[in-house]
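Read-outs throughout are calculated quantities, based only on the coordinates presented, and are distinct from any laboratory measurement. Just so we're clear, the structure is a prediction, and the values are computed from it rather than from any experiment. Cβ placement follows ideal geometry from the backbone for every residue including glycine, while neighbour counts extend to all protein chains displayed.
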Amino acid sequence: MSRLSHIAAAVALLAATTLSGVARADNQDVIDYRQHIMKTLGEQAQSLAMVLQGKAPAENVAIHAQLLAVTAATVEKAFVAKVPGGEAKADVWAKWDDFSKKAKETAAAAADLAKVAQSGGVEAAKAKMAAPGLGCKGCHDTYREQKK
């Protein structure tokens, strides 16, 4: 084998190794991003619940409701890449139409909650929290692996 052939083979091997590592990193980045979105959604829901229960400042109700709405609006796009892993079940992509519909309903319900919280405060937000689409259970039962 000539020196040029050795160099070409080494470059090809390096490129294959590097590119496969980049693909794994990209996939892990997709999973990490998705998990950050879902964690933020859960944390804002918990913070808002504390406000509604009188355990945190009432004047923060609109802020937490808005943060919940902004985060909920990113959920569907966080799953579009169709990268399995993390706590997402394969059903997310196998039943994409249903998952997407639920994600959009949650985003719409959260946006509505944010408007109500802005104009009506804690009492109005409490009433709106019972609205369909805001609970996590409907999606988690179908689309999330149970934590072990």
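Each label was represented as a point 7 Å from its Cα along the Cα-to-Cβ direction; for residue 112 and residue 59 these points are 3.0 nm apart. Using the Cα coordinates of segment 92-148, the gyration tensor eigenvalues translate into equivalent-ellipsoid semi-axes of 26, 13, 7 Å, sorted from longest to shortest. The amide H of residue 88, built 1.01 Å from its N in the peptide plane, has 145 as neighbours under 5 Å, considering only residues 5 or more places off or on other chains. Fully extending the segment from residue 77 to residue 97 would add 5.9 nm, taking 0.36 nm per residue of separation and subtracting the current Cα-Cα distance.
Remark: segment 47-120 carries a charge dipole of roughly 80 debye about the Cα centre, counting +1 on each Lys and Arg Cβ and -1 on each Asp and Glu Cβ.
In segment 31-133, which GluC sites (Glu not before Pro) fall in coil by DSSP and have 14 or fewer other Cβ atoms within 10 Å?
Within segment 31-133, the qualifying GluC sites (Glu not before Pro) (loop, at most 14 other Cβ atoms within 10 Å) are 87.
Positive contributions from Lys and Arg (+1) and negative ones from Asp and Glu (-1), summed over other residues with Cβ under 11 Å from the Cβ of residue 96, come out at 0. For segment 46-98, taking Cα atoms only, Rg and Dmax work out to 15.5, 42 Å respectively. Counting lysine pairs in segment 46-148 that sit 8 or more residues apart in sequence, or on different chains, and whose Cα atoms lie under 13 Å apart gives 8.
Provide 129, 38, 50 in ascending order of the number of other Cβ atoms located within 10 Å of each residue's Cβ, fewest first.
50, 129, 38
Scale the Cα Rg of segment 33-144 by the rule-of-thumb value 2.2 N^0.38 Å and send over the ratio, two decimals.
Rg over 2.2 N^0.38 Å, computed on Cα atoms: 1.07.
Full extension of the chain between residue 119 and residue 90 gives 6.5 nm of extra length, using 0.36 nm per residue less the Cα-Cα distance.
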